[in-house]
Amino acid sequence: MERPPLSPAPFARDLAHRLWGGQDDIDGVLRKLEMFTSVGATIGAFEQLAASRTLSDDGLFGWPVMRLRSPQWWRSIGDERLAGIFGYPQVMGLVQTRALAGLGLILPGGSRAQRGVLSASMCATAHGLHTRMGGYGLDGSDHLSFINYFVAAAEKAFGNDRRAREALVKFLAAQVCGAYFSAGVAKLASPVWRNGTAIPEIFRTTMFGDSGFYRVVNEHPLIAKAVAWGTIAGELAFPLVLVAPRPVARGILASGFAFHIGNARFMGLNRFIWSYCSTYPALAHVSRSLGPRTESAPRVPASAGRGAAGLAHAMTSKRGAALAAAGAGAAALAGVAVHRVARARQDRLMRSLPGSLVRVGARDVHVMGENRGEGPAVVFENGLAAPATQWGWVMRGLRPGTPCLAYDRPGVGWSEAARRRPDPDEAATRLLGLLREVGLKPPYILVGHSVGGLLIRCFARRHPELVGGMVFVDSSHPEQFRRSPKQREALPWIRQRLATTQAQAAAGLLKYSGRTDQMNALPDDLAAATRDCVSHPRIWGTARRELAESQRTWSADASLLPSSASKPVAVVTAGETVRSDPLHTGLQQELALLSEVSRRDVVSDAGHESLVLAEKYAPRVVEAVEWVRARVSAAAGEGGADAPSTAAAGE
Amino acid sequence: MDQPLPSTVDLPRTAARYGLYALLVTWAGLTVAKQFRKTPKVLTRIDPINTAIPVTTFFAPNPGKTDIHLLKREKLADGALTEWSEYPLIERRSLRHMLWHPSRRVEKLLPDAVSELTQVALEEQRIEYLQLTIPYLSLLNFVTNACEHPDGTREVQFLIVTSAGFEENEEPRTLFASDFHPIA
């Protein structure tokens, strides 16, 4: 007895055809796109009708304010006419039109022309409402819906041109795959996504989170990390749906659907399911394994897909061997070229040497300054990724005859790199060796900018007898990353920025990024050399290692410096840093408490870097240095300690 | 069955198709350009509200991790100040949101507006300038006209506060306080 063929019941098949069947395969894809996108868009329109007060003149989307953002060409039609369309309650007519057009596209039975007009209406009302809302309150589902409706409407306009219709479906597939992929790339580039902390941070919010889900990912960091990496991998892999074998492509689409269901449940992103998943039939149409070309596509020869064995066979053939040799030759040439470029870059850097090189411990150290003169010597310690030239204006502002020294730590600026880890002992030993080599006599006034402030504390702890006083220039505090949430949150981003800057510099692109422009604030004879120096990848690699070391040892060591009754301390703080992190003020006050003889100054308009680099702010640093120097000189002259005093300067 | 080849090229149709290709390629290119932190200014001119050329980096690289709250207080005729009171705009998550979420657009407006306001505030310190920005005016319009005020109110002030949502161990932070503005 013959068995009937396995097929859907005629009723279900007929119903499916009535709902989303098309005149041909492309029309079928577009019909599904219109129908499912319209479910989300119609829900959106009804949501706006339910919350219509938000569009009233008193509401957050009030026309009296939002009209100020409408494009110039809209305003040219006149305020009165515009208010007739977008004022309240007239604007609700647009929302109602959208709801009706959406329903029209959900219901079966429309002709292609009718569907084209309805899709075009959805585009037009979306543009009108988005502009009416000033661009606020929109999300990715609104934007993709607009593209979906554009494709649906344009396809009707090219009804007799199969190639144009195919191009529109491919465009839609490219937009959707691009959206997933760019979301994945942006997450992969983010340290908080890579370490998984982004997940509890998002889900702790009432707006995009869920209390139950937050509890789970907050208590189980491994789950949070798995969710983060699952999202990154899924988004990055999504475009493979276009080329992967059938089961993999289907799996990708199923994962995408599950992802949007999860987002709707735990993040409240309800309309994304409709706008994104409605494009999946279009993706399947374009896909190599799921699309209509699968049956007619030429099969790949069996001999081509034997994996490693096939590759080994290809390599042993004459042509394969020639290709391998050519590849190896090209790699060797590329290696030589990279080496030569790096060498030429280093040579160019050394030709711009602004100071002189001193040999200390079998290494060349770049120094600037003056070792002759009277009174306490000023020793500058740079911040991260900053060469000695950063002190250009400050050194020129010191009184004539002031002995001073600015230098580059190993691997920074023009100094040779060192193999040993720059822990506090090593850093202090190197600085002491350098001071002896250049013949600079104590007492020293140590001036530290940024992390340089930690290093001068480490030195002062080891050699208190050599240090007369200290100046902290928008200095790091040993506990800033522990006590300031803002700075703690910024830390992974600083690491990331240093790494990307190093990569940019290695590719020779940094000089075009504008990041070196701040060095133009330096004196003319130092600006160009400093720009070259910070365009070199090595300084950023050293900065990454120094930042890690500052976390590992410098901060803890610096915090052990005891306060002094008599050695003067001046603290100069950049106003911009205080504004971006209010806790910075308290931390800077604590630096001043390192001595009973102290002085604080906040330079209101200065930034962390410009406080040192800019001609207009450098005098405030000089003032602080001279204040400390005067007290050290007086103490030396009197042969005793100063009377305790505290001063505040500036704003 | 194969269709017969056209004997002549349909010029208007071919031209329209190539015009469409050019439009789609340009659109795709502009969408790629839009994903970068520094976008060409021409993109803002072409699509000032990102309807057609969206940013699709969703929650990355730096996702929002705070709720934003809108508070207001009044200055009465005798100069006394009322307590700060919050106007609740965010709904707690429920299953219903999977299908129906009418408060979402207003919830989303707040971070959009505050992000724009703080961005302007970083670059522009003149309060008169800030007070003429769209986000400031939008929030002021709302607290002045849509929120209820006690009798005798002469002026109103709004405050933007961030909180860590379900994480109760973290203190709320003040982000922005407006001037007092007269009630019309």
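The values are calculated or read from the model by the stated rules, or taken from the named source; none is laboratory data. Not measured: the values here are computed from a predicted model. We place every Cβ from the backbone using ideal geometry, glycine too, and count neighbours over all the protein chains shown. Surface accessibility is based on the protein's heavy atoms, side chains included, excluding ligands, DNA and RNA. Shrake-Rupley method; radii C 1.70, N 1.55, O 1.52, S 1.80 Å.
Among the residues of segment A:68-109, what is the count of those that are part of a helix (DSSP H, G or I) and either small (Gly, Ala, Ser) or surrounded by fewer than 19 Cβ atoms within 10 Å (Cβ to Cβ) (or both)? Quick ask: steps written out before the conclusion?
From segment A:68-109, those part of a helix (DSSP H, G or I) are A:68-69, A:72-75, A:79-86, A:91-106; that's our starting set.
Pick out the ones that are also either small (Gly, Ala, Ser) or surrounded by fewer than 19 Cβ atoms within 10 Å (Cβ to Cβ) (or both) and you get A:68-69, A:72-75, A:79-85, A:92-93, A:96-97, A:99-104, A:106.
The number of residues fulfilling the criteria is 24.
Only one of A:ALA154, A:ALA174, A:ALA124, A:ALA120 is free of Cβ contacts under 8 Å to residues at least 24 places away in the same chain, more than 10 Å from chain B (Cβ to nearest Cβ) and not acidic (Asp, Glu); which?
Only one candidate passes the filter, namely A:ALA124.
Does A:ASP25 satisfy being modelled with pLDDT under 95, more than 13 Å from chain B (Cβ to nearest Cβ) and in contact with a Pro (Cβ under 9 Å, 6 or more places away or on another chain)? So that I can check it myself, show each step before the final result.
On the way: modelled with pLDDT under 95: yes; more than 13 Å from chain B (Cβ to nearest Cβ): yes; in contact with a Pro (Cβ under 9 Å, 6 or more places away or on another chain): yes.
For A:ASP25, the condition - modelled with pLDDT under 95, more than 13 Å from chain B (Cβ to nearest Cβ) and in contact with a Pro (Cβ under 9 Å, 6 or more places away or on another chain) - is met.
Sort through A:THR573, A:THR542, A:THR530 and tell me the only one that's open to solvent by less than 20 Å² (accessible area, probe 1.4 Å), under 30 Å from A:ALA634 (Cα atoms) and of a type in the set (S, T, N, Q).
Details: A:THR542 fails: under 30 Å from A:ALA634 (Cα atoms); A:THR530 fails: under 30 Å from A:ALA634 (Cα atoms).
The unique qualifying residue is A:THR573.
I need a count of the residues in segment A:172-205 that are out of contact with any Phe, Trp or Tyr (no Cβ under 7 Å at 6 or more places or on another chain) and not in a helix (DSSP H, G or I).
Of the residues in that region, 6 qualify.
Quick grid of which residues meet (1) among the basic types (Lys, Arg); (2) more than 11 Å from every other protein chain (Cβ to nearest Cβ); (3) touching a strand residue (DSSP E or B) at 6+ places or on another chain (Cβ under 9 Å):
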residue	(1), (2), (3)
B:LEU24	no, no, no
B:LYS38	yes, no, no
B:HIS101	no, no, no
B:ASP112	no, no, no
B:ILE127	no, yes, no
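Checking A:THR205 against (1) modelled with pLDDT under 95; (2) in contact with a strand residue (DSSP E or B) (Cβ under 7 Å, 6 or more places away or on another chain), which test does it fail?
With (1) modelled with pLDDT under 95; (2) in contact with a strand residue (DSSP E or B) (Cβ under 7 Å, 6 or more places away or on another chain) applied to A:THR205, the lone miss is (1).
Within segment A:421-430, is even one residue of a type outside the set (A, V, I, L, M), touching a helix residue (DSSP H, G or I) at 6+ places or on another chain (Cβ under 7 Å), assigned to a helix (DSSP H, G or I) and within 20 Å of A:TRP554 (Cβ to Cβ)? Steps first, answer last, please.
Of segment A:421-430, the ones of a type outside the set (A, V, I, L, M) are A:421-426, A:429-430.
Narrowing the set further to residues that are touching a helix residue (DSSP H, G or I) at 6+ places or on another chain (Cβ under 7 Å) leaves A:421-424.
Narrowing the set further to residues that are assigned to a helix (DSSP H, G or I) leaves A:424.
Add one more test, that the residue is within 20 Å of A:TRP554 (Cβ to Cβ), and what stays is A:424.
Yes, segment A:421-430 has at least one match.
Name the pairs whose Cβ atoms lie under 6 Å apart, with the first residue in segment A:45-56 and more than 7 Å from chain B (Cβ to nearest Cβ) and closer than 17 Å to B:VAL143 by Cα, the second open to solvent by less than 10 Å² (accessible area, probe 1.4 Å) and not in a helix (DSSP H, G or I), and 6 or more positions between them or separate chains?
A:ARG53/A:GLY59; A:LEU55/A:PHE61
Pick out the one residue from A:TRP229, A:TRP193 that is within 8 Å of chain B (Cβ to nearest Cβ) and of a type in the set (Phe, Trp, Tyr).
Details: A:TRP229 fails: within 8 Å of chain B (Cβ to nearest Cβ).
When all the criteria are applied, what remains is A:TRP193.
Output the number of the condition that A:VAL412 fails; it satisfies all remaining conditions of (1) part of a loop (DSSP other than H, G, I, E, B); (2) in contact with a helix residue (DSSP H, G or I) (Cβ under 6 Å, 6 or more places away or on another chain); (3) open to solvent by 20 Å² or more (accessible area, probe 1.4 Å); (4) touching a residue at least 12 places away in the same chain (Cβ under 8 Å).
(3)
If you check A:VAL185, A:VAL151, which single one turns out to be open to solvent by less than 10 Å² (accessible area, probe 1.4 Å) and within 33 Å of the chain's Cα centre (by Cα)? Quick ask: steps written out before the conclusion?
On the way: A:VAL185 fails: open to solvent by less than 10 Å² (accessible area, probe 1.4 Å).
Going through A:VAL185, A:VAL151 in turn, just one is open to solvent by less than 10 Å² (accessible area, probe 1.4 Å) and within 33 Å of the chain's Cα centre (by Cα): A:VAL151.
Going by the structure shown, is B:LEU139 touching a Gly at 6+ places or on another chain (Cβ under 8 Å), open to solvent by less than 20 Å² (accessible area, probe 1.4 Å) and not hydroxyl-bearing (Ser, Thr, Tyr)?
Values: touching a Gly at 6+ places or on another chain (Cβ under 8 Å): no; open to solvent by less than 20 Å² (accessible area, probe 1.4 Å): yes; not hydroxyl-bearing (Ser, Thr, Tyr): yes.
No; evaluated as a whole, the condition is false for this residue.
If you scan segment A:110-137, which residues turn out to be under 18 Å from B:ALA113 (Cα atoms) and either open to solvent by less than 10 Å² (accessible area, probe 1.4 Å) or assigned to a helix (DSSP H, G or I) (or both)? Spell out how you get there, then give the answer.
Step one: of segment A:110-137, the residues under 18 Å from B:ALA113 (Cα atoms) are A:129-137.
Scanning segment A:110-137 gives A:LEU129, A:HIS130, A:THR131, A:ARG132, A:MET133, A:GLY134, A:TYR136, A:GLY137.
Looking at the structure I just gave you, is A:LEU222 more than 24 Å from A:MET35 (Cα to Cα), within 24 Å of the chain's Cα centre (by Cα) and more than 10 Å from chain B (Cβ to nearest Cβ)?
Values: more than 24 Å from A:MET35 (Cα to Cα): yes; within 24 Å of the chain's Cα centre (by Cα): yes; more than 10 Å from chain B (Cβ to nearest Cβ): yes.
So A:LEU222 fits the description; yes.
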